[in-house]
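**Student:** Below is a structure I'd like to ask you about.
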Amino acid sequence: MAKRGGKRRVRRNIARGIVHIKASFNNTLITITDVNGDVLCQSSAGTVGFKGTRKSTPFAAQRAVEQVAHAARKYGVVEVEVRVKGPGSGRDAAVTALQSSGMRIHSIEDVTPLPHNGCRPKKRRRV
């Protein structure tokens, strides 16, 4: 029987990473990258198992951060910068869950895009 020849995947050892948290009104997305921007692992409230309106809760964001922090440990990530984007309810819960998972937070930055009087806003909602 022929032996398969192939390269073994080398596990990268990264000490410092960047956590991107996008908290929208419907979901919370968490991505951990290295300092160059290459994605190491990602998770969301939907991939953890929440559906519908429960995806937008702070508890769902907390569970997603726990999952992604566990995956980042395999790469050796211990110190992170946090970049938070969006107005959702999972913002604060995600940062506190990241802190309690054992990661050392170097800085927290809000990168929510703000218009400098750009596009015209949507028509006001009437109920």
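The values are calculated or read from the model by the stated rules, or taken from the named source; none is laboratory data. Keep in mind the model is a prediction, meaning the values are calculated, not measured. When we count neighbours, we look across all protein chains shown, and the Cβ atoms used for this are built from the backbone with ideal geometry, even at glycine. To get the accessible areas, we keep the full protein, side chains included, count just its heavy atoms, and leave off ligands, DNA and RNA. Shrake-Rupley method; radii C 1.70, N 1.55, O 1.52, S 1.80 Å.
**Student:** Tell me, in nm to one decimal, what length is gained between A71 and T96 on full extension, where the rule is 0.36 nm per residue of separation less the Cα-Cα distance? Don't skip to the end; give the middle numbers.
**Tutor:** On the way: separation 25, 0.36 × 25 = 9.00 nm, distance 1.76 nm.
Using 0.36 nm per residue and subtracting the Cα-Cα distance, I get 7.2 nm.
**Student:** Same structure, new question: What accessible area per residue, rounded to a whole number of Å², is obtained for the chain using a probe radius of 1.4 Å?
**Tutor:** Values: 9380 Å² over 127 residues.
About 74 Å² of surface per residue is accessible.
**Student:** Counting each DSSP H run of 4 or more residues in the chain as -39500 (n - 2.57), what helix-only mean residue ellipticity at 222 nm follows after dividing by all residues, to the nearest 500 deg cm²/dmol? Walk me through the intermediate numbers first.
**Tutor:** Numbers: 3 runs with 30 residues, N = 127.
Helix-only estimate at 222 nm: -7000 deg cm²/dmol.
**Student:** Placing unit charges on C-beta atoms (Lys and Arg positive, Asp and Glu negative, everything else neutral), compute the dipole magnitude of segment 67-127 about its Cα centre in debye, rounded to 20. Let's see the in-between values first.
**Tutor:** Details: 12 positive and 5 negative charges, 147 e Å.
The dipole magnitude comes to about 700 debye.
**Student:** From the gyration tensor of the Cα coordinates in segment 36-100, what semi-axes in whole Å does the equivalent ellipsoid have, largest first, with each one equal to sqrt(5λ)?
**Tutor:** Over the Cα atoms of segment 36-100, the ellipsoid semi-axes are 20, 13, 11 Å.
**Student:** Quick one: angle between helix 91-100 and the longest Cα principal axis of the chain, in degrees between 0 and 90, rounded to 10, please.
**Tutor:** Tilt relative to the chain: about 30 degrees.
**Student:** Moving on. Using a simple charge model, +1 on the beta-carbon of Lys and Arg, -1 on the beta-carbon of Asp and Glu, nothing else, what dipole does the chain show about its Cα centre, in debye to the nearest 20? Intermediate results must be reported in sequence, preceding the final value.
**Tutor:** Working: 25 positive and 8 negative charges, 157 e Å.
Dipole size: approximately 760 debye.
**Student:** Counting Lys +1, Arg +1, Asp -1, Glu -1, what net charge surrounds A97 among other residues with beta carbon under 13 Å of its beta carbon? Could you put the intermediate results ahead of the total?
**Tutor:** Working: positive: R63, R91; negative: E66, D92.
In short, 0.
**Student:** A further question follows. If each Cα of the chain is one equal point scatterer, what is log10 of I(q)/I(0) from the Debye formula at q = 0.10, 0.15 Å⁻¹?
**Tutor:** Here the Debye-derived log intensity ratios amount to -0.39, -0.72.
**Student:** Another question, then. Out of all DSSP beta bridges in the chain, what portion is antiparallel? Express it as a percent rounded to 5. Walk me through the intermediate numbers first.
**Tutor:** On the way: 12 of 25 bridges.
Bridges in the chain are about 50 percent antiparallel.
**Student:** Can I ask one more? For a quick check: with amide H placed at 1.01 Å from N, whose amide H comes under 5 Å from T28's, ignoring anything fewer than 5 positions away on the same chain?
**Tutor:** A45, G46
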